Amino acid sequence: MANARVWLITGASRGLGRAFAETALAGGDRVVAAARDVEPLEELTEKYPGHLVPLPLDVTDRRAVFDGVERAAAAFGRLDVVVNNAGGMLYGMVEEATEEQIRAHLDVNFFGAVWVAQAVLPHLRAQGGGRLLQVTSMGSGGGMATVGFYGAGKAALDSVSEALAMEVEGFGVKVTVVQMGGYNTGLFTTGTTTTEPLAQYQPLRTEMEAMWGDAVAPEPDTAAPVIMELAALPDPPRRLIVGSQSFDHVLEMGRPERICTGPGSISAVSPRASRVRATTFMQPVPRRADASKAYVRTPEGVEVWPADKKGTGCA
Ligand SMILES: NC(=O)c1ccc[n+]([C@@H]2O[C@H](COP(=O)([O-])OP(=O)(O)OC[C@H]3O[C@@H](n4cnc5c(N)ncnc54)[C@H](OP(=O)(O)O)[C@@H]3O)[C@@H](O)[C@H]2O)c1
């Protein structure tokens, strides 16, 4: 196929990464699909012979990431779209988390993505360009009880990715931070590490669990077409908000709670914290928006994307 692209997707064995891989393959693209356990990818390898290369890779191992990226680049001779998607969840209160848990979490969700970015950049630069999609979360805009370290890792990745976008633009490499909303994946089961609960936090834990609710989030394949379109856009936005929950949450988090307008003047702008707590943060979708749509942040707020297909002024 003339316009077929080559993708490298980390965390492609299940959930969102797998949905991205399957949709890319169905569209005629070729995919290098990375995960620690690539066995679940066998079925896809058989379905798309010659188009899918499974890559066993633990993104926390920097050396292995550089070696893996070499193999990935050699598999189809180039890399057009790299999706930094591998990730996990650390669930529990800040005080409860052990040093080992915190470091292990950030090793995957932050450092892993950094190693992949560093390893692919020489290839993308040598090719004269490429796409780097950094999968973060609606939770990266502000801290939330029980998922403090998850939000911290994603916020760190957001920040580094924005810097990176500026640094590599001149090489034709376009970086987009993709802030995903909630999707029905293994992130909250297989992908979760849980802290040892302290009794003192039980009332808050119960409150938070009620807030998360047991509503079933949308399936990850509803988000995949947005990612395909994003990767094809000549002038992609620096930041894309995907999904209805993300839409609501990012909008809330993006509003300053207090603003200092001068000496001795800290005025209330938006009662953000109380509103976020009171809103049905994890309620079933769609509410105000559609899980299969994406949104960009503009100076005026959040707009459905692509409003004009330009994607400018959205970072
Ligand atoms: N689902 C949501 O609601 C949601 C919302 C916002 C953002 N996200 C983000 O979306 C991304 C994908 O998550 P998901 O929801 O699809 O979760 P998932 O179903 O648990 O999938 C996670 C993927 O990451 C891989 N992975 C985990 N640790 C890895 C490591 N050390 N090295 C390489 N691969 C690793 C897993 O495979 P192996 O275990 O075999 O390695 C799996 O393929 C994550 O970055 C997550 O934070 C998800």
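The values are calculated or read from the model by the stated rules, or taken from the named source; none is laboratory data. The structure presented is a predicted model; accordingly, all values stated were derived computationally and were not measured. Cβ atoms come from the backbone with ideal geometry, glycine included; neighbour counts cover every protein chain shown.
Pairs are defined by a Cβ separation below 6 Å, a sequence spacing of at least 6 or placement on different chains, a first member in region 159-174 that is over 16 Å from Leu240 (Cα atoms), and a second member that is small (Gly, Ala, Ser) and surrounded by 16 or more Cβ atoms within 10 Å (Cβ to Cβ); the pairs so defined are Val173/Gly130.
The number of residues in region 23-46 that are away from the ligand (no atom under 13 Å from the Cβ) and of a type in the set (Gly, Ala, Ser) comes to 4. Among the residues that make up region 73-85, is at least one of them free of Cβ contacts under 8 Å to residues at least 60 places away in the same chain, within 13 Å of the ligand (Cβ to nearest atom) and either closer than 26 Å to Gly153 by Cα or in a helix (DSSP H, G or I) (or both)? So far as region 73-85 goes, no, none of its residues is free of Cβ contacts under 8 Å to residues at least 60 places away in the same chain, within 13 Å of the ligand (Cβ to nearest atom) and either closer than 26 Å to Gly153 by Cα or in a helix (DSSP H, G or I) (or both).
Buried (at least 21 other Cβ atoms within 10 Å of the Cβ), within 14 Å of the ligand (Cβ to nearest atom), of a type outside the set (Phe, Trp, Tyr) and part of a loop (DSSP other than H, G, I, E, B): does that describe Gly139? So Gly139 does not fit the description; no.
Taking the criterion of being of a type outside the set (Val, Ile, Thr) and either touching a Lys or Arg at 6+ places or on another chain (Cβ under 9 Å) or within 11 Å of the ligand (Cβ to nearest atom) (or both), the residues of region 178-197 that qualify are Gln179, Met180, Gly181, Gly182, Tyr183, Asn184, Gly186, Leu187, Phe188, Gly191, Pro197. Could you say whether any residue in region 15-27 is within 20 Å of the chain's Cα centre (by Cα), assigned to a strand (DSSP E or B) and under 16 Å from Ile227 (Cβ atoms)? No, every residue in region 15-27 fails to be within 20 Å of the chain's Cα centre (by Cα), assigned to a strand (DSSP E or B) and under 16 Å from Ile227 (Cβ atoms). Taken over region 23-44, the criterion of being surrounded by 16 or more Cβ atoms within 10 Å (Cβ to Cβ) and more than 21 Å from Leu132 (Cβ to Cβ) is satisfied by Val38, Leu41, Leu44.
Would you be able to say whether some residue in region 149-170 is part of a loop (DSSP other than H, G, I, E, B) and either surrounded by fewer than 18 Cβ atoms within 10 Å (Cβ to Cβ) or out of contact with any Asp or Glu (no Cβ under 7 Å at 6 or more places or on another chain) (or both)? Scanning region 149-170 turns up no residue that is part of a loop (DSSP other than H, G, I, E, B) and either surrounded by fewer than 18 Cβ atoms within 10 Å (Cβ to Cβ) or out of contact with any Asp or Glu (no Cβ under 7 Å at 6 or more places or on another chain) (or both). Taken over region 198-230, residues that are within 15 Å of the ligand (Cβ to nearest atom) and either without any contact (Cβ under 8 Å) to a residue 24 or more places away in the chain or acidic (Asp, Glu) (or both) amount to 3.
May I ask you to verify whether Ala223 is among the aliphatic types (A, V, I, L, M) and within 21 Å of Leu25 (Cα to Cα)? Judged against the criteria, Ala223 is a match. Checking the stated criteria, Val160 turns out not to satisfy the condition of being under 22 Å from Val69 (Cβ atoms) and near the ligand (Cβ under 9 Å from one of its atoms). Which one is farthest from Thr190 (Cα to Cα) among residues in region 1-14 that are away from the ligand (no atom under 15 Å from the Cβ) and within 22 Å of the chain's Cα centre (by Cα)? Residue satisfying both the conditions and the ranking: Arg5.
Rundown of residues vs (1) crowded, with 20+ Cβ neighbours inside 10 Å; (2) more than 10 Å from the ligand (Cβ to nearest atom); (3) under 30 Å from Trp212 (Cα atoms), yes/no style:
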site: Ala21; (1), (2), (3): yes, no, yes
site: Tyr48; (1), (2), (3): no, yes, no
site: Val59; (1), (2), (3): yes, no, yes
site: Ala64; (1), (2), (3): no, no, no
site: Thr98; (1), (2), (3): no, yes, yes
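Only one entry of Leu106, Leu132, Leu124 meets the criterion of being at negative phi and not in a helix (DSSP H, G or I), and that entry is Leu132.
For region 122-135, check the following and say yes or no: at least one residue is out of contact with any Asp or Glu (no Cβ under 8 Å at 6 or more places or on another chain), of a type in the set (Gly, Ala, Ser) and surrounded by 19 or more Cβ atoms within 10 Å (Cβ to Cβ). No, that holds for no residue. Val178 meets each of the listed conditions (1) out of contact with any Asp or Glu (no Cβ under 9 Å at 6 or more places or on another chain); (2) modelled with pLDDT of 95 or more; (3) assigned to a strand (DSSP E or B) apart from (2).
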